[in-house]
Amino acid sequence: MEQLPYGFGVRTALAPEAAEAAVRAALADEGFGVLTEIDVAATFQAKLGVQRSPYKILGACNPPLAHRALGLDEQLGLLLPCNVVVYDEGGATMVAAMDPSLMPQLSPRPGLAEIAAEAAERLRRALGRLEAAG
């Protein structure tokens, strides 16, 4: 697992489409659903006439954790859902997630650090499955 400035990720030999399918399944195993999906490459092509390699942003949400977090601080909705990106790095596919552990740095509410740590642990396990798959 690679630590990134505001997240963590794994590189895999899977093609972007296969990596996306695998991360969706792994997220579901950890209680996350994908609420939003942005196909950045398709959007850039349609809106800007610019071609780029595949890049998707998946908005992953674990409803029980989100419910607990919003119960502590309504403004945390600005940081939800947890974004997971899947993109081609030219020979490898990067799958990375926003690190929920950053949330307590923005909101000092008691109890938030525990919720964020659980979300981060679940996301790390999900991405770890891709790392193990190659």
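Distance from the C-alpha centroid of the stretch 53-110 to that of the stretch 116-134: 13 Å, rounded to the whole angstrom.
Here the contact order of the chain, divided by its residue count and restricted to Cα pairs under 8 Å and six or more residues apart, works out to 34 percent. Spin-label model, ASP39/ASP88: points 7 Å from Cα along the beta carbon direction are separated by 1.4 nm.
The label point for LEU78 and the one for ALA21, both projected 7 Å from the Cα toward the Cβ, are 3.9 nm apart.
Between ASP29 and VAL50, the modelled labels are 3.6 nm apart [label points 7 Å from Cα along Cα→Cβ]. Three semi-axes describe the equivalent ellipsoid of the stretch 1-79; taken as square roots of 5 times the Cα gyration tensor eigenvalues and ordered largest first, they are 26, 18, 13 Å. Applying a length cut-off of 18 Å (Cα extent along the axis) and a mean Kyte-Doolittle floor of -0.5 to the DSSP H helices of the chain leaves 16-29, 112-133. Within the accessible area of the chain, what % is carbon and sulfur when the probe is 1.4 Å and the other protein chains stay in place? Using a 1.4 Å probe with all protein chains present, the chain comes out at 57 percent carbon and sulfur. Amide H to amide H, with H built 1.01 Å from N, LEU4 comes under 5 Å of GLY9, counting only residues 5 or more places away or on other chains. How about the stretch 1-97: which GluC sites (Glu not before Pro) there are in a DSSP loop, with at most 11 other Cβ atoms within 10 Å of their Cβ? Hits after loop and neighbour filter: GLU89.
Shown here for the stretch 1-86: chymotrypsin sites (Phe, Trp or Tyr not before Pro) in loop regions (DSSP other than H, G, I, E, B) with at most 12 other Cβ atoms within 10 Å, namely TYR6. LYS56 sits among other residues whose Cβ lies under 11 Å from its own Cβ, and their net charge, with Lys and Arg +1 and Asp and Glu -1, is -4.
Here the 3J(HN,Hα) profile of the stretch 80-88, calculated from phi with Karplus coefficients 6.51, -1.76 and 1.60 at θ = phi - 60°, is 10, x, 6, 7, 10, 10, 10, 8, 7 Hz, Gly and Pro shown as x.
Structural descriptor for the stretch 55-125: relative contact order 30 percent, calculated from alpha carbon pairs under 8 angstrom and at least 6 residues apart.
The values are calculated or read from the model by the stated rules, or taken from the named source; none is laboratory data. If you're wondering where the values come from, they're calculated on a predicted model, not measured in any experiment. Counting neighbours? That spans all protein chains shown, and the Cβs are built from the backbone with ideal geometry, glycine included. Surface accessibility is based on the protein's heavy atoms, side chains included, excluding ligands, DNA and RNA. Shrake-Rupley method; radii C 1.70, N 1.55, O 1.52, S 1.80 Å.
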